[in-house]
Amino acid sequence: MTTRVRFAPSPTGYLHIGSARTALFNYLFAKHVGGKFLLRIEDTDIERSTDESTRSILEGLQWLELQHDEEIVYQSNNAPKHRAVALKLLNEGKAYRDFTPREERSGADVKAAIQERAREQKDMRDNPFRDLPKEESDRKADAGEPFAIRLKVGASGKTIFDDAVYGFQERDYSEIEDLVLLRSDGHPLYNLAVVCDDIEMRITHVIRGQDHLTNTHKQVLIYEALNAEKPTFAHLPLILAPNKGKLSKRKHGEVVSMTTYRDNGFVAAAFRNFLVLLGWSAGEEKEIYTMDELVSKFSLDHIHKNNAVFNFDANDPRHWTDDKALWMNAEYIRTMPLEDLIPLVKAELKSAKLWRDEYEDDDKIHFEKTVDLIRERFFTLKDFSSQGRAFFSEDFDFDEAAIAKNLKKFSELQTWLPELAETLETVEDFTHDTLETVIKQFAEEKGGKFGVIMNGARTLLTGLAVGPSMLAVFETLGKEKTIRRLKSQIAWSQ
RNA sequence: GGUCGGUUCGUCUAGGGGUCUAGGACACCGCCCUUUCACGGCGGCGACACGGGUUCAAAUCCCGUACCGACUACCA
């Protein structure tokens, strides 16, 4: 039997990093065993689901390169089927009509209210309509009395299943209430919908967040009522906020959204690599994996049981997201094959209006050399257009601190650097070694320090106080720009 | 409250009775390299939640306690 898994987000917001990781694990598991990775949008919560959210989720998956197989299933399209199933269970006597008036639950304090209610320790089988004779139930229904349909959970017994991550699970029926299958307005509920759809989609492995672990018992009951074969369940540890609480948009903002990473210059492969290490490890010291390696190494039995903390400090710009994610991104930028990086840099330069078509034509080699040089110290793709701006444009800013530290502190540089430009004009072979000889000699003649001259040049040439080896910068920028910028007085007048 | 999970450096983790005076990565700190630096090299700091058992031997197995989390909806 082919392995079939699904990622089933509800479109009530952007793609959350926890969901993204769930999608990733599903994808890797499917690909590892040569199975199918399906996508189902659980848009049955009419009030909260939006098309925009669906789009955002799709974009996030696409960015991470988690291509789904087959057509996307929209759960709302299946509502009639879910309803039919509820009715079928009703006819078979496995479910019953509950004529209790609906209790409206809404607002921020639902959770508290539910907990409060749960504290009462009531008997899960005390519903007065549970054993209402069929005739009477039919009569009330025919009379137009609204009713919900509840699953009739056995008086005694227990549900069991063997979770691929958490192991053997059991729960006594007395802990499970007669769950509502169909709302009194005919709207099918989550547990019913999930089970029906998973059956219809022939899902073999349900891989999802640990927050569904206890729900699973209810679903197992539905599978059994339907005489359907249960899939294998595998629950994933949660990804928590630094305070070990739930990671949410309301409390934590943009850091939890996938689009934030895409929009802030993350390399998708790097973020994916970071994500896969949250709750899973191959049991080795290696940490950087290509997608192919992940597919071949991934397995459910290396998934942890304990939750992982997504560590970041909202008040510290340098640690605005998890340090390891940031490091991973930098690592990818400086070590990934240049040909894979180039398109990403191209996109970044385009969006910053710094892209020129020559970069992949006449100027291709030089462009690639430039990217290769400056990527060494970059953390995100944004750095190519910000810190790297001077390499792609004449219109760049000078860092105030750099001017103070590298130029104004040494006033003699104001005449020396233009003089250096004159000297460099005579250099035919504008390359690293030759430049080094010439500039060292120039420094000696002036009685100045080589380093001071180089750093002054750095600021004039790039606007910054940090960057790659200056001789390489000279060479990469080329003779013409080097000379022009060394002569420029713009920075001096700031 | 109940049920179910979980607990190894600040964070991500290796480990599944002896090879653990607990390994790696990130972060942090120091030194080195150097024309700068957020590169690189070397080093440092730093953890088995606690208490009982079982065993010749426990981070690893069992029990209890503490703490954290999930669930407990006519939400998903």
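The values are calculated or read from the model by the stated rules, or taken from the named source; none is laboratory data. Keep in mind it's a predicted model, so treat the numbers as computed, not measured. Virtual Cβ from ideal backbone geometry, glycine too; neighbours counted across all protein chains shown. For the accessible areas, the whole protein counts, side chains as well, though only heavy atoms, and no ligand, DNA or RNA atoms are used. Shrake-Rupley method; radii C 1.70, N 1.55, O 1.52, S 1.80 Å.
Loop-resident trypsin sites (Lys or Arg not before Pro) (DSSP state other than H, G, I, E or B) in region A:379-434 with no more than 12 further Cβ atoms inside 10 Å of their Cβ: A:Lys409.
Put simply, the convex hull of the Cα atoms in chain A casts, on average, a shadow of 29.2 nm². Only the Cβ atoms of Lys and Arg (+1) and of Asp and Glu (-1) were treated as charged; on that basis the dipole of region A:397-493 about its Cα centre amounts to roughly 400 debye.
Give me the extension gain from A:Glu360 to A:His302: residue separation times 0.36 nm, minus the current Cα-Cα distance, reported in nm with one decimal.
Contour length minus the Cα-Cα distance gives 16.5 nm.
The lysine pair count for region A:337-395, using Cα distances under 17 Å and pairs eight or more places apart or on different chains, is 6. Think of region A:397-493 as having a plus end and a minus end, set by charges on the Cβ of Lys, Arg, Asp and Glu; of A:Leu413, A:Gln441, A:Phe474, A:Leu413 sits farthest toward the positive end of this dipole.
For a straight C-alpha distance cut-off of 19 angstrom, the lysines reachable from A:Lys94 (same-chain residues fewer than eight places away being disregarded) are A:Lys81, A:Lys134, A:Lys140, A:Lys152, A:Lys158, A:Lys218, A:Lys230.
The order of A:Thr476, A:Thr431, A:Thr290 by accessible area, most exposed first and with a 1.4 Å probe, is A:Thr290, A:Thr431, A:Thr476. Oblate is the label for region A:1-93. Its Cα gyration tensor axes, ordered a ≥ b ≥ c, give a/c of at least 1.5 and b/c at or above a/b. For region A:166-287, the Stokes-Einstein estimate of translational diffusion at 37 °C and a viscosity of 0.692 mPa s comes to 187 µm²/s, using the Kirkwood hydrodynamic radius over alpha-carbon pairs.
For chain A, the relative contact order is 12 percent, taking Cα pairs closer than 8 Å that sit 6 or more residues apart in sequence and dividing their mean separation by the residue count. Sorted on the mean count of surrounding Cβ atoms within 10 Å across their residues, most packed first, peptides A:459-467, A:337-345 read A:459-467, A:337-345. The alpha carbon centroids of region A:420-472 and region A:204-240 are separated by 66 Å.
Candidates A:His82, A:Ala30, A:Met1 compared by Cα position along the dipole of region A:1-86: farthest toward the positive end lies A:Met1, with charges placed on Cβ. Compute the Cα gyration tensor for region A:271-314, then decide on rounded, prolate or oblate, letting a ≥ b ≥ c be the square roots of its eigenvalues: rounded whenever a/c is under 1.5, prolate when a/b is larger than b/c in the other cases, and oblate in all that remain. Verdict is oblate for region A:271-314. A Cβ-based charge dipole, computed about the Cα centre of chain A with Lys and Arg at +1 and Asp and Glu at -1, lands at about 1280 debye.
Each of A:Trp492, A:Phe298, A:Ala228 was scored by the projection of its Cα onto the charge dipole of chain A, and the greatest displacement toward the positive side belongs to A:Ala228; charges sit on the C-beta of Lys, Arg, Asp and Glu.
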